[in-house]
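Have a look at the structure below before the remarks.
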């Protein structure tokens, strides 16, 4: 006799097959979404690294900008020693292996503060004619003459010594509302205070502290290593005898990009010029960006 329809057992088998197929599709879709989110986060953080490097380049390339000749010296700052460095006669110095978690970079740069005309300077030639140089930190054009109401620092073109702002052959720099060049001393350092929960264990925030400011500025989070070296054109060292031989500072950073992953991968274990890296086993669950770059210095020659 011919059977019509399907049995309950057959129906249950079909339902089971459909459920298994749907489950597989769901888990595959969820894995795909997770990977897309991870890749998006990775791409975003790669962009964040570039933004960070742009900011660092701006600050460090300006080391010595607007600094009188008697301050163009190498310093030997102590860790957490910004006030002492600001009161010294140095323009740049590195404190190595600090308790904060890495090296600390100290320097003077009259363009480091973000007031309106930061980065602007002028030249008065022998006939007294003014020529505008530089650009504002916002990339706008500078005014044609030093702005009224802002404090100025003027240097002799030849000697780089402090000079009368009304004399010919001088360089004119603006200091905004600040009265002392010491207020433009900067410290870059690591701190694990208020570290975001997404950061891998053993990482830090990179902070910028400007002398006279009550609060340090956060520059980047999830930084595992921050080291600095002097470059004299031939080698990279922790010391350098003569500031006139200083060509660049080398920045070495290991930065986390993206959140914790589902699979492990080995992080970089050393820099080309800044030494080896002690790897935290937990770092294998995170993706990392190794940054090693020379920042040329053009304003430190005496």
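The values are calculated or read from the model by the stated rules, or taken from the named source; none is laboratory data. No experiment lies behind these values; they were computed from the predicted model shown. In this analysis, Cβ positions are derived from the backbone assuming ideal geometry, glycine residues included, and neighbour counts consider all displayed protein chains.
Let's see how each residue does on (1) under 24 Å from residue 301 (Cα atoms); (2) assigned by TED's automatic domain parsing to the domain that holds residue 274; (3) out of contact with any helix residue (DSSP H, G or I) (no Cβ under 9 Å at 6 or more places or on another chain):
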| position | (1), (2), (3) |
| --- | --- |
| 63 | yes, yes, yes |
| 94 | yes, no, yes |
| 97 | no, no, yes |
| 106 | yes, no, no |
| 153 | yes, no, no |
| 168 | yes, no, yes |
Handout entry: Verdict on residue 78 being surrounded by fewer than 23 Cβ atoms within 10 Å (Cβ to Cβ) and in contact (Cβ under 8 Å) with a residue 60 or more places away in the chain
Key = no
Practice task
Might you let me know whether the stretch 156-165 holds any residue that is closer than 24 Å to residue 53 by Cβ and either out of contact with any strand residue (DSSP E or B) (no Cβ under 8 Å at 6 or more places or on another chain) or surrounded by fewer than 16 Cβ atoms within 10 Å (Cβ to Cβ) (or both)?
Solution key: no
Completion exercise
Filtering the stretch 211-235 down to residues that are more than 20 Å from residue 48 (Cα to Cα) and surrounded by fewer than 19 Cβ atoms within 10 Å (Cβ to Cβ) yields 212, 213, 214, 215, 232, 233, 234, 235
Handout entry: Residue check for residue 75: in contact with a helix residue (DSSP H, G or I) (Cβ under 7 Å, 6 or more places away or on another chain) and either at pLDDT 80 or above or on the phi > 0 side of the Ramachandran plot (or both)
Key = yes
Handout entry: Yes/no for residue 239 being without any contact (Cβ under 8 Å) to a residue 12 or more places away in the chain, assigned to a loop (DSSP other than H, G, I, E, B) and within 19 Å of residue 91 (Cα to Cα)
Key = yes
Fill in the blank from the handout: residue 251: passes all of (1) touching a helix residue (DSSP H, G or I) at 6+ places or on another chain (Cβ under 7 Å); (2) buried (at least 16 other Cβ atoms within 10 Å of the Cβ); (3) under 14 Å from residue 200 (Cα atoms) but (3)
Exercise for the section: Go through 19, 84 for me and flag whichever is at pLDDT 95 or above and part of a helix (DSSP H, G or I). Expected result: 84
